[in-house]
Amino acid sequence: MATKIPLIKLEKVTKRYPLADGESYQALNGVSLIVEKGEFVAIMGPSGSGKSTFMHIMGLLDIPSTGKYLLKGKDVKSYTSDELADIRNKDIGFVFQSFNLLSRTTVIKNVERPMMYAGISQEERTKRAMDALRLVQIDNKAENLSNHISGGQIQRVAIARAMVMEPSILLADEPTGNLDTKTSKEIMNHIKDLNKKGTTVILITHEEDIADFAKRIIKIVDGKIVTDRKK
């Protein structure tokens, strides 16, 4: 019987950043982790614990200083920069605290952006973008400029944009930051539904009630995993 290959496998990953005085700051300290396809994982920890660095490495936005990262069984160091960019655009959806939307561009054009880089036709881009906006219940704002909608609506647009390429992995960094309780719960229910449909979700949060939506909670302190429990 063939051995099942994990979606994500980190082996003794460290990450150090050089400081101005010639010293270095160690953000991750020998982290090992396996995430299987279809999991919903929350990563928690205090500010400065290494959570965001952890996510940036898993999302191929940064590389380990030492250790190994296998994505679908392949060492990410073996990919070219173009191949990594292609994986980030097609296989990984990102929802960041800063949203990274173009403020003077319409909602639908923001959602279409990842598809433009993938060479998808305008007709297909429009269809997929509207489907994604309907999924997060903001299709009625498709033609609004992104700086003319509320914070909660911007967050929904960011999720729609992350999902429009139908990625196998969704990485969300504090996706409910600065949102009220009702909107936060609605956003998390959308993410939970995406996970039920097969998307692997890795979520960073410092809020216990948000982490409770996940099926597995990992806590990081000083760049090390201190607890890893499944619910």
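Every number in this text was worked out from the coordinates using simple rules, so none of it is lab data. Here the structure is a predicted model, which is why all the values come from computation and not from measurement. So basically every Cβ, Gly included, is an ideal-geometry build from the backbone, and we count neighbours across all protein chains shown.
Taking the stretch 94-169, which GluC sites (Glu not before Pro) meet the DSSP loop condition and have no more than 10 other C-beta atoms within 10 Å?
Those that pass, being in a loop and sparsely packed, are GLU143.
Starting from the Kirkwood Rh over alpha-carbon pairs, what translational D in µm² s⁻¹ does the stretch 1-107 have by Stokes-Einstein at 25 °C and 0.890 mPa s? Before the final figure, lay out each step's value.
Numbers: Rh = 15.7 Å.
Reported coefficient: 157 µm²/s.
Tell me which lysines have Cα within less than 19 Å of LYS9's Cα, excluding those fewer than 8 residues away on the same chain?
Once the sequence-local lysines are set aside, what remains near LYS9 is LYS37, LYS51, LYS68, LYS72, LYS74, LYS77, LYS215, LYS219, LYS224, LYS230.
Send over the Kirkwood Rh of the stretch 125-175, from the inverse of the averaged 1/r over different Cα pairs, rounded to one decimal Å.
Evaluated over the stretch 125-175, this radius sits at 11.3 Å.
Taking 4 °C and 1.567 mPa s as the conditions, I'd like the Stokes-Einstein D for the chain in µm²/s, using the Kirkwood hydrodynamic radius from alpha carbon pairs.
71 µm²/s
Return the distance in nm (one decimal) between the two label points of a simple spin-label model at ASN189 and THR80, each offset 7 Å from Cα along Cα→Cβ.
4.7 nm
List the trypsin sites (Lys or Arg not before Pro) within the stretch 83-114 that fall in a DSSP loop (any state other than H, G, I, E or B) and whose Cβ has at most 13 other Cβ atoms within 10 Å.
Of the trypsin sites (Lys or Arg not before Pro), the ones in loops of the stretch 83-114 whose Cβ has at most 13 other Cβ atoms within 10 Å are ARG104.
Charges on Cβ only, +1 for Lys and Arg, -1 for Asp and Glu, centred on the Cα centroid of the chain; of PRO6, MET163, PRO18, which one is farthest towards the dipole's positive end?
Farthest towards the positive pole: PRO6.
Stick to the Cα atoms of the stretch 83-150, pair each with every other, and give me the Kirkwood hydrodynamic radius in Å at one decimal.
Answer for the stretch 83-150: a Kirkwood hydrodynamic radius of 12.7 Å.
Determine the gain in length on full extension of the stretch GLU36-HIS206; use 0.36 nm per residue of separation and subtract their C-alpha separation, reporting nm with one decimal.
Working: separation 170, 0.36 × 170 = 61.20 nm, distance 2.28 nm.
Full-extension gain reported as 58.9 nm.
Rank these for me by crowding, THR3, THR227, going from fewest to most other beta carbons within 10 Å.
THR3, THR227
Suppose every Lys and Arg Cβ carries +1 and every Asp and Glu Cβ carries -1, with no other charges. What dipole size does the chain come out with about its Cα centre, to the nearest 20 debye?
Dipole of the chain, to the nearest 20 debye: 560 debye.
Could you list which residues have their amide H under 5 Å from that of VAL95, counting only those 5 or more apart in sequence or on another chain, with H placed in the peptide plane?
LEU171, ALA172, ASP173
Restricting to the chain, compute how many DSSP beta bridges are antiparallel as a %, nearest 5.
For the chain, the DSSP antiparallel bridge percentage is about 55.
Treating the angle as unsigned and between 0 and 90°, give the value, to the nearest 10°, between the Cα long axis of helix 122-135 and the longest Cα principal axis of the chain.
80 degrees
Given +1 on the Cβ of Lys and Arg, -1 on the Cβ of Asp and Glu, and no further charges, what dipole in debye does the stretch 1-77 carry about its Cα centre, rounded to the nearest 20?
Values: 11 positive and 7 negative charges, 70 e Å.
So the magnitude is around 340 debye.
Determine the dipole magnitude for the stretch 136-231: charges of +1 sit on the beta-carbon of Lys and Arg, -1 on that of Asp and Glu, nothing else is charged, the reference point is the Cα centre, and the result goes in debye to the nearest 20.
In total the dipole reaches around 440 debye.
For the stretch 42-90 and the stretch 191-231, write down the distance between their C-alpha centroids in whole Å.
Distance between centres, Cα-based: 17 Å.
Treating the angle as unsigned and between 0 and 90°, give the value, to the nearest 10°, between the Cα long axis of helix 81-90 and the longest Cα principal axis of the chain.
50 degrees
For the chain, what is the calculated [θ] at 222 nm in deg cm²/dmol (nearest 500), taking -39500 (n - 2.57) for each run of four or more DSSP H residues and dividing by its residue count? Before the final figure, lay out the partial values.
Details: 7 runs with 76 residues, N = 231.
Rounded to the nearest 500, the figure is -10000 deg cm²/dmol.
Dividing the Cα convex hull volume of the stretch 90-196 by residue count, how many Å³ per residue is that?
Numbers: hull volume 9.6 nm³, N = 107.
That works out to 90 Å³ per residue.
Under 25 Å between alpha carbons, and skipping anything fewer than 8 positions from LYS127 in its own chain: which lysines qualify?
List returned: LYS90, LYS109, LYS141, LYS192, LYS196, LYS197.
Using the count of nearby Cβ atoms within 10 Å as a rough guide to exposure, how do MET188, MET130, MET116 rank from fewest to most?
Fewest to most other Cβ atoms nearby, the residues stand as MET116, MET130, MET188.
Give the calculated FRET efficiency between LYS90 and ASP180 to the nearest 0.05, with a Förster radius of 30 Å applied to their Cβ-Cβ distance.
Once the sixth-power term is evaluated, E becomes 0.35.
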